[in-house]
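To keep things clear, I will list the structure first and then write my remarks on it.
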2 protein chains.
Amino acid sequence: MQKQITYGDILNLEKNQRIALINSVAGFKCLNLVGTVNLAGQENLAVFNSVVHIGANPPLLGLVVRPDSVERHSLSNILETAAFTLNHVHEGIYKQAHQSSARYPREVSEFEACGLSPEYKDDFQAPFVKESRIQIGLELKERVDISINGSIVLVGEIKVIYLPEDCWKQDGYVDLEKAGSLTILGLDSYHRTQKLARLTYAKPDKKLEQKD
Amino acid sequence: MQKQITYGDILNLEKNQRIALINSVAGFKCLNLVGTVNLAGQENLAVFNSVVHIGANPPLLGLVVRPDSVERHSLSNILETAAFTLNHVHEGIYKQAHQSSARYPREVSEFEACGLSPEYKDDFQAPFVKESRIQIGLELKERVDISINGSIVLVGEIKVIYLPEDCWKQDGYVDLEKAGSLTILGLDSYHRTQKLARLTYAKPDKKLEQKD
């Protein structure tokens with residue numbers, strides 16, 4: 001049976017039900033650990049499901065942040081240093097990744113509290129997650145404020161990517177399934193993936209075919 | 001072996017390689033068909049991988065759009081009517097969904113060209129995709145421009161959700177795996193999912209447990 005949920009129904013839900021509904025209803029999301037450090041050297045790690053593609057040239061990703069949430073330490077560090085990392089989550093570390101969403105005090109490093117290791121390399125200011133197989137270093141280029149609810153889109157330019165060599169295909173595509181990267185549904189549901197197919201570039205009068 | 005890809009390497013890639021890399025490297029994405037119609041009744045359907053959570057109260061989702069892409073018809077219709085729908089993609093319709101990314105002329109309805117059916121209901125202005133099991137109707141509330149590359153974030157408020165009754169859990173979570181919703185990697189790779197676990201709310205001194 002199909003169920004209809006109206007705007008009024010949504011507003012009448014208990015707060016945690018509404019949060020669970022709206023976070024899950026749009027689809028499976030990008031799962032990343034965001035690594036940052038402030039100018040005093042205090043590290044922070046937090047799990048995010050709100051990374052979005054902004055553009056390829058220059059290479060830009062957006063990170064949507066709520067200023068009043070557990071994400072606020074990540075936000076203040078990024079605004080302070082303009083540097084952050086995105087680190088993929090695989091089966092071996094998804095419980096540690098989820099634990100980073102707990103509200104730790106400012107002076108606690110979630111790396112240590114959750115059993116993950118900060119990794120500094122090639123002079124990039126923010127820490128990567130050593131246990132992640134795909135690591136991306138970004139520089140903050142633009143802050144965009146959403147007035148309706150105070151959310152912020154941080155637009156970062158990709159400065160460096162580390163990935164397993166055998167997961168990067170000739171045509172540019174990164175085989176994240178081979179790398180074991182997970183996807184998240186809502187705030188707490190972790191999923192592996194199973195590829196159906198890659199499809200050829202769509203054109204109006206051409207039949208789609210399966211790639212590799 | 002770990003490979004490093006620098007900012008310079010990215011800029012030196014062939015254009016399609018760069019697009020494939022930057023679209024896939026951040027993770028698996030939300031997969032939705034966006035349904036719109038203009039004031040003259042011309043329908044449009046396009047597949048998007050750029051939906052992001054903005055907030056739960058009010059219930060807001062963001063859609064990142066490039067003004068110079070195949071997405072431009074969706075954009076102009078949304079700006080004209082302030083209404084759009086998000087429709088999930090399952091195994092039975094992913095090839096049709098992918099076909100909607102072809103550059104059809106303005107006067108062609110991608111519904112018809114791709115073999116999907118527009119569905120109008122409950123006075124919502126924009127068409128839903130009848131074959132989709134999860135359908136969301138949204139009203140445009142805010143347009144946010146990203147100056148660095150001209151991308152636009154369209155912030156929509158959820159007005160109505162249709163979903164299979166047995167996929168909506170007591171705690172608000174929508175079981176999209178049960179609904180057969182797929183995730184997309186990059187621009188052309190379609191994946192089903194397999195749940196590892198839902199985890200309990202994380203707190204600093206509490207052990208995580210598996211939910212249902």
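How far apart, in nanometres, would the label points at B:Asp205 and A:Leu79 be if each is projected 7 angstrom from Cα along the Cα-to-Cβ direction?
3.1
Is the stretch A:68-174 rounded, prolate or oblate when judged by the Cα gyration tensor, a ≥ b ≥ c being the square roots of its eigenvalues, rounded requiring a/c under 1.5 and prolate requiring a/b larger than b/c?
Working: a/c = 1.73, a/b = 1.20, b/c = 1.44.
Oblate, since a/c reaches 1.5 and b/c is not below a/b.
Can you tell me how the stretch B:35-111 classifies by the Cα gyration tensor, rounded, prolate or oblate, using a/c under 1.5 as the rounded cut?
Working: a/c = 1.74, a/b = 1.19, b/c = 1.47.
It is oblate, given that a/c is not under 1.5 and a/b is not larger than b/c.
Amide H of A:Lys211 versus every other amide H placed in the peptide plane: which residues, excluding those fewer than 5 positions away on the same chain, fall under 5 Å?
Under 5 Å from the amide H of A:Lys211: A:Arg198, A:Leu199, A:Thr200.
Just from its helices, what would the mean residue ellipticity at 222 nm be for chain A, if runs of 4 or more DSSP H residues each count -39500 (n - 2.57) and the sum is divided by every residue, rounded to the nearest 500 deg cm²/dmol? Spell out each step's value before the answer.
Details: 6 runs with 42 residues, N = 212.
For chain A, the value works out to -5000 deg cm²/dmol.
Compute the label-point distances linking A:Leu196 to its equivalents in the other copies; points lie 7 Å from Cα along Cα→Cβ; give nm, one decimal, shortest first.
Sorted ascending, the copy-to-copy spacings read 2.3 nm.
What average count of beta carbons from other chains do you get within 10 Å of the Cβ of residues in A:170-181?
6
Within the stretch A:152-212, which GluC sites (Glu not before Pro) sit in a loop by DSSP and count at most 12 neighbouring Cβ atoms inside 10 Å? Present the calculation step by step, with values, prior to reporting the outcome.
Working: sites: A:Glu157, A:Glu165, A:Glu177, A:Glu209; in loops: A:Glu209.
Sites meeting the loop and neighbour criteria: A:Glu209.
With springs only between Cα atoms under 10 Å, which of A:Gln135, A:Gln170, A:Gln125 fluctuates most in a Gaussian network model of chain A?
Greatest mean-square fluctuation among the candidates belongs to A:Gln170.
In sequence order, what are the phi-derived ³J(HN,Hα) couplings for the stretch A:155-169 according to the Karplus relation 6.51 cos²θ - 1.76 cosθ + 1.60 with θ = phi - 60°, rounded to whole Hz, with x for glycine and proline?
9, x, 9, 6, 9, 7, 10, 10, 8, x, 3, 7, 9, 9, 7
For the stretch A:110-123, in order, what is each residue's ³J(HN,Hα) by Karplus, 6.51 cos²θ - 1.76 cosθ + 1.60 with θ = phi - 60°, in whole Hz (x at glycine and Pro)?
Whole-Hz 3J(HN,Hα) from phi for the stretch A:110-123: 5, 4, 5, 4, 9, x, 10, 10, x, 10, 10, 8, 6, 6.
Let me confirm one metric for peptide A:135-142, namely the mean number of other chain beta-carbon atoms within 10 Å of its residues' beta-carbons. Before the final figure, lay out each step's value.
Values: counts 2, 5, 2, 1, 1, 0, 4, 4.
Taking all residues of A:135-142 together, the mean is 2.
At 7 angstrom along the Cα-to-beta-carbon line, where would the label on A:Ser69 sit relative to the other copies? Give the distances in nm, shortest first.
2.3
Ordered by residue, what ³J(HN,Hα) values in Hz, to whole numbers, does the stretch A:140-145 give under the Karplus form 6.51 cos²θ - 1.76 cosθ + 1.60, where θ = phi - 60° and Gly and Pro are x?
My calculation for the stretch A:140-145 gives 5, 10, 7, 10, 10, 9 Hz in order.
If we hang a label 7 Å off Cα along the beta carbon direction at A:Asn16, how far is it from the matching labels on the other copies, in nm, shortest first?
For A:Asn16, the other copies' label points sit at 5.0 nm, shortest first.
Counting only other chains, what is the mean number of Cβ atoms within 10 angstrom of the Cβ of each residue in peptide B:200-212? Spell out each step's value before the answer.
Numbers: counts 2, 6, 14, 5, 8, 2, 2, 2, 7, 0, 1, 2, 1.
Counting other chains' Cβ atoms within 10 Å and averaging over B:200-212 gives 4.
Taken together, the values in this text are just the output of simple stated rules run on the coordinates, not laboratory data. All of these numbers come straight from a predicted model, not from anything done at the bench. FYI the Cβ positions are ideal-geometry reconstructions off the backbone, even for glycines, and counts take in every protein chain you see.
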